[in-house]
1. Which ones in region B:549-559 are within 19 Å of residue B:365 (Cα to Cα) and outside any loop (DSSP other than H, G, I, E, B)?
2. Name the residues in region B:308-333 that are within 14 Å of another protein chain (Cβ to nearest Cβ) and polar (S, T, N, Q), would you?
3. Taking region B:326-376 as the search range and keeping residues that are of a type in the set (Ser, Thr, Tyr) and loosely packed, with under 13 Cβ neighbours inside 10 Å, which one is modelled with the lowest pLDDT?
4. Among (1) touching a strand residue (DSSP E or B) at 6+ places or on another chain (Cβ under 8 Å); (2) surrounded by fewer than 24 Cβ atoms within 10 Å (Cβ to Cβ); (3) of a type in the set (Ser, Thr, Tyr), there is one condition residue B:51 misses while meeting the rest; what is its number?
5. Given the conditions (1) assigned to a helix (DSSP H, G or I); (2) buried (at least 18 other Cβ atoms within 10 Å of the Cβ), which single one is not true for residue B:467?
6. Report yes if residue B:428 is among the aliphatic types (A, V, I, L, M) and crowded, with 24+ Cβ neighbours inside 10 Å, otherwise no.
7. Within region A:107-114, is even one residue among the polar types (S, T, N, Q) and at pLDDT below 80?
8. Here's a check for you: in region B:501-515, which residue that is crowded, with 23+ Cβ neighbours inside 10 Å and more than 10 Å from every other protein chain (Cβ to nearest Cβ) is farthest from residue B:254 (Cα to Cα)?
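The values are calculated or read from the model by the stated rules, or taken from the named source; none is laboratory data. All figures in this text were calculated on a predicted structure; none of them were measured in a lab. Using ideal geometry, Cβ is built from the backbone for each residue, glycine included, and neighbour counts are taken over all protein chains shown.
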Amino acid sequence: MTSGEMPELDLAPGAASVGAPRAEALEIAPEETQRPARLPAARGFVNGVLGTTTGRVGLVMVLVVVLIAVFGPLVRPHDPSVVVGAPYGPSSGTALLGTEALGRDGLSRFLSGGRLLLLVGLATTTVAYLIGGALGLMMGYARGVFDAAASTVVDIFLSVPPIILALLLVAGLGSGVEIVALAVTAVQIPPIARLVRSFTLAVAATEYVEAAVARGERQGSILWHEVLPNIRIPILADIGIRMSWSIMLFASLSFLGFGQSPPAADWGLMISENRGGLLIQPLPVLVPAVAIAVLAIGTNLVSDAFGRSIGRTQEGSHASR
Amino acid sequence: MPHGEPLPLRVVDLRIETTSGVEVVDEITFDVGRGEVLALVGESGSGKTSTALAALGYCRPGLKVVRGEVSVKGTVVSALDEGALRAARGAQVSYVPQDPAAALNPRHRIGALLEESLTVHGVEKADAKARCVELLEQVGLPSTDEFRARYPFELSGGQQQRVLIAMAVGCKPSIVVLDEPTTGLDVTTQARILELLRDLSKDHGLSFLYVTHDLAAVDQLADRVAVMYAGRVVEVGPRERVLREPAHPYTALLLASVPRLTVRRGLAAITGSAAPPGERPTGCFFHNRCTLAEERCTSEFPPTSRVTDGWSVRCWNAGIAKVRQPPAETSAPDTTATTPLLQVRELAASYGRKRQSDQLVVSGVSLDVQRGECVALVGESGSGKSTTARCVAGLHAPVSGTIMLHGEPVAGRAADRARAQTQAIQLVFQNPDRSLNPSSTVAGILQRPLLLFGICGRREVRAVAAQLLERVHLRSRTLDLYPHELSGGEKQRVAIARALAAQPQLLICDEVTSALDVSVQATIVRLFGEFLKDGLSLLFITHNLALVNSIATRTLVMHAGVVKEAGQTAQVIGNPRDPYTRRLVAAAPELGVDAGASPTNSALVGDPAPPAARSTRG
């Protein structure tokens, strides 16, 4: 083969300079490879939680307690405020868990006592996250004087144990479910603000946020579109743990007598009321205590499985490249 | 090489698979002689690092050696148990990693680190100190007590790399594996490190396996070159032959995609991309990107054929590849306009709260960008080039100076600028991994500027976004993918499309290709060439002088926050007047001799093809 006949690698200038159609220029476009579609957060949740033993166990634990709390009042055998026998009576056909301090049915009171607890846990955490999250986002994004001032206030609140802080609030404002719920919400705001601030700081330093700043996007729009979607996964994992924590705090405050007033059925209150007869009839104390523990442990397991599944999905997708 | 003495490194028919059985590299055979530097060249994903690590008897998690033999000085590494392997590492085989800052334990002093690397391999504590002093001198570092008492963070990047090299050569190993040892370093530092490595191999007979993607650096250091593509060695031979008259079409194309300092030329782009492990085609792995491919190439992987002694290639059509080099992507700027698009006057900027003149990272920078012109801002890290770009983009408020767009001064912060002004200036960042919102699909990413600037209504967004992707040569299928599903080059195209979505007049490109492979860089540079022809202006920030040569009309060289030299690119690079520019140009690694000097025996034509030749193409 002589040099004149040598085939040439076709590398003459691109389409623009020789007027070739766009379609040809498109050939430069690389990568035909089909990669698996990304797992959205919702599907990641389902796969991560249902796909692991930890996740499944946690989910069952949470569901059992939630079902008892939600549907318990519909299936209770007795009115929870009616006396059915002698105090601390043994388990029997009419009172499966025996009777409690005032001779009311332990099972009926247990079935009635979770609904409010769960509702308060859900509501306080949600409200606390709305306020604390917004505050944290602004602190982490704005930096400067606002962040310094807000951080100082947050630090002061964080230096006081939450239960004491909540007790102080309740002592100042009086007892009652609304006041306790308010206190449980308030004490959660500083740690949430602190956490969201640290997530935001990391994302605010990235170049996609800078690109948005450079094209003149409004601050709210940047936080909503660029920052929030990228911190939602650690936040979702945190919400679960924080919810179980606020349920425990509410139960603790009920135990101490700040929540619902005595005739009402409430898990925290039950533990408090019946602890005197612990050696005679422990069930009215143990069952609500175990329910709270199972809920807390289950929530933690689910959060954990979720967090791990997200981490695994992201690692997996990076490794595949 | 006399018979009898075993080679420092010998790799025979090596195959590495993932634990799930997917081929990563296969049929790898090469050797390294005494005092020889073998460069293992390839793009990301070609398997060069996996191959090099096998020489250390190491496989990254998820990989395993399933066939073949790696022997160091006659000892088969793969047959060693973990204990023997540990003894061999450092003493027989050693390793210089890519990122020196991450490789040195920050809690130990330099002297202690060096002495430890010696004592673990049996050097007596008493002798270690003397040997440590000797080594530091050997790698060109001060050997004083003061220096040995320093911590790694008290050293510059180049000094840290020298310490690692000293640690690697301390026990006089048979073979040293260098993993991209100069990638993170400035050009002047890189030149000195390459010089040090060359001296070590010549004066002390050390053998190096040099893993890199930087062909220009290879040309400065290597004796022989092995080119890897998709897990196979496709060409291996003496450096001056392989890099001047490559026998494999891939090598030829790779060389043609490298920007050159002495030749003002465009960059050849390789169509398509290398298939990742598990998706490699049948036959020759390169056939789907090779215009020479014939039927045989699609069915049968070519055997190793000899070109001359010590030079072999795996291609059915070896030696006939001839690359036609496109012309440089420079444009004729519109000089009829009286006011330039962008004027920067006496810009000064600093970081931190104290706005003192002695802390300025940028001072007295003035530059103009005409419509349809590409102006390059060149400098080493810390020269202030990126800060200048950030000031123009409105991300960093300058201390003093003015920035004018169409003769109108603009505010320091993007938030204070008029909408039309922020729209006119758009920015593309260095690292596409960090510049694309990972939680958003490509459509979502492109939608933001389109809606912000009212380019189109909500209903047309998808169609307009698809047109933008077409402009950066991506398929509209990409719209529904997330950034992590794209390759580095694709991500950077999306980032460019996002900037284009605003319909800007000026595109600021901050080191946009430095995180990319050289062939991908070539495609991106060609893309910018198209934009220039469409009348877009570019402010091109880079540390790569040769790259500037392929795209910029005018060039400014920055050093320590000050513009050292400014002028036409050809002049600044070809005939630098400032001593700093001269040093920079001298240090920049350059690929090969001027191809124009010996066009008759060179398969690579360095000069732009004449217009007649170009028009003959179909």
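1. Step one: list which residues in region B:549-559 are within 19 Å of residue B:365 (Cα to Cα), which gives B:552-559.
Passing the criteria: B:554, B:555, B:556, B:557, B:558, B:559.
2. First, pick out the residues of region B:308-333 that are within 14 Å of another protein chain (Cβ to nearest Cβ): B:315-332.
Matches in region B:308-333: B:317, B:325, B:330, B:331.
3. The first filter runs over region B:326-376 and keeps only residues of a type in the set (Ser, Thr, Tyr), leaving B:330-331, B:335-336, B:338-339, B:350-351, B:357, B:363, B:366.
Subsequent filtering for residues that are loosely packed, with under 13 Cβ neighbours inside 10 Å retains B:335-336, B:338, B:351, B:357.
Values: B:335: 62, B:336: 65, B:338: 71, B:351: 79, B:357: 53.
This residue is B:357.
4. (2)
5. Unmet for residue B:467, out of (1) assigned to a helix (DSSP H, G or I); (2) buried (at least 18 other Cβ atoms within 10 Å of the Cβ): (2).
6. Numbers: among the aliphatic types (A, V, I, L, M): yes; crowded, with 24+ Cβ neighbours inside 10 Å: yes.
Judged against the criteria, residue B:428 is a match.
7. At the first step, the residues of region A:107-114 found to be among the polar types (S, T, N, Q) are A:108, A:112.
Filter once more, keeping what is at pLDDT below 80: none.
Checking region A:107-114: not a single residue is among the polar types (S, T, N, Q) and at pLDDT below 80.
8. Looking at residues that are crowded, with 23+ Cβ neighbours inside 10 Å and more than 10 Å from every other protein chain (Cβ to nearest Cβ), I get B:507.
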